[in-house]
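The structure under discussion appears below in the form of structure tokens.
Values quoted throughout were computed directly from the atomic coordinates according to the rules given, and no laboratory measurement underlies them. The structure displayed is predicted, hence computed values, not measured ones. Note: ideal-geometry Cβ built from the backbone for every residue, glycine included; neighbour counts use all protein chains shown.
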Amino acid sequence: VVTSAGQLFTFGDGTFGALGHGDRKSVSLPREVESLKGLRTMRASCGVWHTAAVVEVMVGNSSSSNCSSGKLFTWGDGDKGRLGHGDKEAKLVPTCVALVEHNFCQVACGHSLTVALTTSGHVYAMGSPVYGQLGNPQADGKLPTRVEGKLSKSFVEEIACGAYHVAVLTLRNEVYTWGKGANGRLGHGDTDDRNNPTLVDALKDKHVKSIACGTNFTAAICLHKWVSGVDQSMCSGCRLPFNFKRKRHNCYNCGLVFCHSCSSKKSLKASMAPNPNKPYRVCDGCFNKLRKALETDSSSHSSISRRGSINQGSLELIDKDEKLDTRSRNQLARFSSMESFKQVESKSSKKNKKLEFNSSRVSPVPNGGSQWGANISKSFNPVFGSSKKFFSASVPGSRIVSRATSPISRRPSPPRSTTPTPTLGGLTTPKIVVDDAKKTNDSL
């Protein structure tokens, strides 16, 4: 932790001496680094097993104009040459790196890497060269080596360091990366390693304000700036000069000034639009980019909606199947109940028929006497029984005829009448039929 007064406090795991307190003890509370007391710490960075800081040190005479300079101090585990002292020995207290003529302003630490930036815009790296993170194929990493290549003529304003890769931002808003390329952390569209600084083409047209690196990723903060049309004398697209006929128009996505022919289209989701849900004027290049972005978004939404509709359709099918199952079950239950009802009804009708048959068998003898006679078979049951062979004689003048064909008349029986059935007790309606009907209704 660096305070506004330039004090440096460290705490945490001190196994490798990375806390700078002269020992390997761990500290749970912030503790000021004693060896840097009286000096102003400007920047500090922590690696896995080492720490680096830019400390303001007084140089020369006090009367000279340039009396202070930023010096690089490193301490902790010295394996892989990450401390830049030319050896692999551990340093338990902050130790100045032997680069007296340079004035440092920024520092960043990786896994086994230390990168520093001077006030003149030069980048120096030290540590392990295994993935090319030193930015110089000839460097061994034991001592700080300047990163050149495409950065030799560029002024670097900001540096950032991941575990095994480095990113820098130049004065011309250009971003260069190098080192390990796994997971696409370098931003070049591939996963190849780079041992030289390589320009990130995807950020060419962006106004990059700041950069940052994680363990295996890189991030950049870009600003959208509205360019004043007064300062622009020609179109940013066709490069033709503006005049009375060729008017100036700003693109609501990139902010640059274009003529009407180069910015005649409108698009949604422009970055500087007051309302992103309404279409605003954009240049042709931004229009194509926004259209592709909208198409990808719509395709992703459509795929999600299709999945949702498929899932919903499957759920609806399941619901329909369940409904059909329940309906079929209800219908089966109704059918079974109807079948049982029909069976009961058929049984009751059979009972009634048998009772009528039995009652019709007991009839007066057609000889004019007062005696009653009946021929009843041996298998007759007064209530539920049935007879295989029987005949019954009808009362003279009565309309009731047995449903069975009489062997005397051999005529078909008329339909059943509601006339009371003649019994031994007289012409009465049998109560057993009514009682059976009531019992059937109660059971249903």
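Quick notes
- Working from Cα pairs under 8 Å separated by at least six residues, relative contact order for region 9-223 is 13 percent.
- Compactness ratio for region 1-123: Cα radius of gyration over 2.2 N^0.38 Å (N = residue count) comes to 1.02.
- Neighbour net charge for Val147 - beta-carbon separation under 13 angstrom, K R +1, D E -1: +3
- Cβ-derived FRET efficiency at R0 22 Å, Lys289 paired with Leu223, nearest 0.05: 0.80
- Per-selection Rg to Rh, region 213-298 - Cα, Kirkwood hydrodynamic radius: 1.07
- Cross-link pairs exceeding 26 Å between alpha carbons, from the set Lys153/Lys206; Lys80/Lys209; Lys153/Lys247; Lys71/Lys204; Lys91/Lys209; Lys180/Lys289: Lys80/Lys209; Lys153/Lys247; Lys71/Lys204; Lys91/Lys209; Lys180/Lys289.
- Long-range HN-HN contacts of Ala44 with modeled amide H, under 5 Å: Val54
- Extending 7 Å from the Cα toward the beta-carbon at both Asp442 and Ala98 defines two label points whose distance is 11.9 nm.
- Sorted from longest to shortest, the spans of the Cα atoms of region 115-234 along the three principal axes equal 53, 32, 20 Å.
- Using the Cβ-Cβ distance between Lys265 and Asp190 with R0 = 35 Å, the FRET efficiency computed as 1/(1 + (r/R0)^6) comes to roughly 0.60.
- Net charge of neighbours whose Cβ lies under 14 Å from the Cβ of Val107, counting Lys and Arg as +1 and Asp and Glu as -1: +1
- Diffusion constant of region 53-125 at 37 °C, which comes from Stokes-Einstein with the Kirkwood Cα-pair radius and 0.692 mPa s, µm²/s: 255
- Rounded if a/c under 1.5, otherwise prolate or oblate - region 117-172, Cα gyration tensor axes: prolate
- Projected area averaged over orientations for region 9-223, convex hull of C-alpha atoms, nm²: 12.4
- Region 163-219 - Debye-derived log10 I(q)/I(0), Cα point model, q = 0.18, 0.30 Å⁻¹: -0.51, -1.35
- With a Förster radius of 51 Å applied to the C-beta separation of Arg24 and Ala212, the computed FRET efficiency comes to 0.95.
- The order of the peptides 159-167, 117-125 by mean Cβ neighbours within 10 Å, most packed first, is 159-167, 117-125.
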